[in-house]
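Below: one structure, written as structure tokens.
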Protein chains: 2
Amino acid sequence: MSLICVGSMAYDAIETPFGKRDRIVGGAAVYAAYAASNFIKPINLVSIIGNDFEESEIRALEEKGASFEGVERVKDKKSFFWSGKYHLDMNTRDTLVTDLNVLADFKPVIPASFQDSEFLMLGNLHPATQISVIGQMKIRPRLIAMDTMNYWISSAMQDLTTLLGMVDVLMVNDAEARELTGEYSLVKAARKIMQMGPRYLVIKKGEHGALLFHGSQVFFAPALPLEEVFDPTGAGDTFAGGFMGHLARTKDISFENMKTAIIVGSAMASFCVEKFGPERLKEIDKNEIDDRIRQFIDLVNFDIALV
Amino acid sequence: MSLICVGSMAYDAIETPFGKRDRIVGGAAVYAAYAASNFIKPINLVSIIGNDFEESEIRALEEKGASFEGVERVKDKKSFFWSGKYHLDMNTRDTLVTDLNVLADFKPVIPASFQDSEFLMLGNLHPATQISVIGQMKIRPRLIAMDTMNYWISSAMQDLTTLLGMVDVLMVNDAEARELTGEYSLVKAARKIMQMGPRYLVIKKGEHGALLFHGSQVFFAPALPLEEVFDPTGAGDTFAGGFMGHLARTKDISFENMKTAIIVGSAMASFCVEKFGPERLKEIDKNEIDDRIRQFIDLVNFDIALV
């Protein structure tokens with residue numbers, strides 16, 4: 001019972017109102033793996049790295065239960081590099097540099113030993129690349145979740161439409177849900193997206209929480225009110241990792257359990273933003289996670305006798 | 001056991017992406033009264049109206065349990081008039097016209113028969129006016145809640161500071177909480193505001209829900225995801241009316257019960273935005289309110305066994 005995480009492994013340069021890091025490990029698969037590793041092992045990584053990816057970072061992930069069998073190592077190129085700067089409200093960021101490097105040639109290959117994985121998380125990549133991963137699975141995973149971004153919505157809508165018909169869960173942010181459907185109302189957008197394929201839809205709203213849609217049902221998880229959001233980089237991927245990690249651990253893909261998975265994902269994301277990059281995710285333990293989840297229960301729990 | 005609502009009674013002209021109304025009843029006290037009337041009677045209104053305020057609107061409010069004994073009627077002037085236009089995202093609006101009319105001379109007088117009211121809601125007015133109301137209460141109400149706005153924060157901060165030391169609950173939106181404290185983080189802003197006086201703080205975030213702070217405790221209520229927000233005018237005042245109405249009905253001002261009051265307020269606000277002005281509030285009944293509150297329970301309720 002394991003989880004495949006397909007996605008980028010990278011180095012980032014990040015500037016926020018609280019400081020900067022010139023070079024820190026990042027990428028969707030890294031964040032998702034750190035988050036999911038608290039719930040399930042192994043995390044079967046499918047990614048590509050360059051000659052600059054440090055052995056210490058590989059060992060740190062392996063110690064958390066990540067398998068690198070599906071990670072291609074390219075000797076003569078550098079890892080994917082992204083640089084961005086956040087403004088005071090942390091909801092907007094400017095991308096300063098995007099050097100695809102090894103990611104430009106990424107042709108994911110699923111190792112034979114990953115074939116029994118029942119849970120598949122497709123991080124943001126070209127939809128055709130995401131499709132090729134699903135095509136390599138000899139037995140369809142019980143649950144396939146995917147992320148995407150506005151760039152693919154505007155440039156690869158045909159592949160994206162095909163892909164949406166193949167997955168169970170789509171995770172996007174509110175702007176992407178609107179762009180994908182042309183609907184401003186998230187309720188209307190959700191209905192259209194579920195008609196495109198995914199039975200479950202997660203709409204991430206950053207500091208404003210996340211919505212889970214399934215048929216006519218809807219669930220809302222708040223973001224934890226924090227003193228400071230130090231660095232939001234990777235929060236969405238961390239959310240996805242916590243979500244999939246909880247589902248893989250419990251082996252229960254009902255709507256009821258997905259609600260809980262959304263809370264777990266939100267809890268993991270609330271750790272992610274407390275330090276730069278995945279620094280905070282590297283250090284948390286089970287007790288801290290339990291405490292954090294209790295804070296979410298307190299945050300939304302109320303008693304009511306109907307009038 | 002009754003509730004005093006102090007605030008404007010007005011006519012509004014409203015334009016949204018879904019249509020327009022050239023003249024529709026409005027004002028903080030009107031919205032709060034319609035919302036609170038589902039939970040408590042009488043609603044002791046303290047306001048001022050002009051010669052254009054229609055008898056049919058007065059009768060409609062009286063039928064819901066509003067007392068007009070504290071409403072001054074001015075024969076030779078018109079009622080407060082506000083005109084605004086909303087944009088597609090409904091979070092921003094342009095104020096086109098603000099004719100204070102009778103509101104310019106508003107000197108609220110609390111009738112003797114209102115003196116036994118245990119709950120006092122001070123709608124947005126000059127802080128000195130709000131102070132004068134508290135000063136007229138021979139016995140301090142059990143709970144005093146107040147609203148304010150950015151205009152008073154920038155122009156009447158001295159009176160506002162005095163007032164904040166006299167109330168139990170402050171209700172503001174996120175921008176106002178930030179402006180009042182100079183803190184971007186709502187958690188930090190909340191701490192500073194509670195040091196200014198109010199033991200309870202409600203931060204309204206529109207479509208993103210509302211936060212309740214008390215000491216080191218925090219509670220979050222989402223807004224109901226709606227197909228369309230038709231007209232957000234009055235949603236904040238409706239929220240306040242539902243909140244105070246629930247507290248006055250249950251006579252319980254504990255933090256636990258305030259959580260429930262926040263949900264009730266959110267439910268009432270979710271009705272308000274479904275039609276123009278208070279049109280939807282005028283027609284809802286107990287069964288619809290119960291159904292709506294059940295939707296809020298479903299929206300946030302989850303089960304979790306800690307890992």
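Quick note: the coordinates plus some simple rules give every number you see, no bench work behind them. Computed from a predicted structure; not experimentally measured. Ideal geometry is used to build each Cβ from the backbone, glycine not excepted, and the neighbour counts take in all protein chains shown.
Taking GluC sites (Glu not before Pro) in DSSP loop states with no more than 15 other Cβ atoms inside 10 Å as exposed sites, chain A has its longest site-free stretch at A:55-226. In this structure, residue B:162 and residue A:107 have a Cβ-Cβ separation that, at R0 = 51 Å, corresponds to a calculated FRET efficiency of about 0.15. Using C-alpha pairs below 8 Å separated by at least 6 residues, the relative contact order for chain A is 18 percent. Between the residues B:157, A:187, A:117, the greatest Cα displacement towards the positive end of the dipole of the protein assembly as shown, with unit charges on the Cβ of Lys, Arg, Asp and Glu, is found for A:117. Distances from residue B:228 to itself in the other copies, using label points 7 Å out along the Cα-Cβ axis, amount to 4.5 nm in increasing order.
Each Lys and Arg adds +1 at its Cβ and each Asp and Glu adds -1 at its Cβ; summed about the Cα centre, chain B shows a dipole of about 820 debye.
Candidate cross-link partners of residue B:188 among the aspartates and glutamates, defined by an alpha-carbon separation under 20 Å and a same-chain spacing of 8 or more, comprise A:89, A:207, A:227, A:228, A:231, A:274, A:298, B:147, B:168, B:174, B:176, B:179. For residue A:291, the distances from its label point to the matching points in the remaining copies are 4.5 nm, ordered from shortest, with each point set 7 Å beyond Cα toward Cβ. Between the alpha-carbon centres of segment B:210-232 and segment B:163-191 there is a gap of 16 Å. Among the lysines of segment A:63-112, pairs that are 8 or more positions apart or on different chains and have alpha carbons within less than 26 Å of each other number 7.
The dipole here belongs to the protein assembly as shown: it is taken about the Cα centre, uses +1 on the Cβ of Lys and Arg and -1 on the Cβ of Asp and Glu, and is about 400 debye. Can you classify segment B:114-262 as rounded, prolate or oblate using the Cα gyration tensor, where a ≥ b ≥ c are the square roots of its eigenvalues, rounded means a/c under 1.5, and otherwise it's prolate if a/b beats b/c and oblate if not? Because its axes are fairly even, with a/c under 1.5, segment B:114-262 counts as rounded.
For residue B:182, the point set 7 Å out from Cα toward Cβ sits 4.9 nm from its twins in the other copies, listed from shortest up. So for segment A:196-290, taking the charge dipole from beta-carbon charges (+1 Lys/Arg, -1 Asp/Glu), which of A:208, A:271, A:229 sits furthest toward the positive end? Of A:208, A:271, A:229, it is A:208.
For residue A:143, what charge total do you get from the other residues with a beta carbon under 12 Å from its beta carbon, if Lys and Arg give +1 and Asp and Glu give -1?
+1
Each 10 Å bin, from zero up to the one with the longest distance, holds this percent of the alpha carbon pairs of chain A: 6, 29, 38, 22, 4, 1, 0. The mean number of Cβ atoms from other chains found within 10 Å of a Cβ in peptide B:213-225 is 4, as a whole number.
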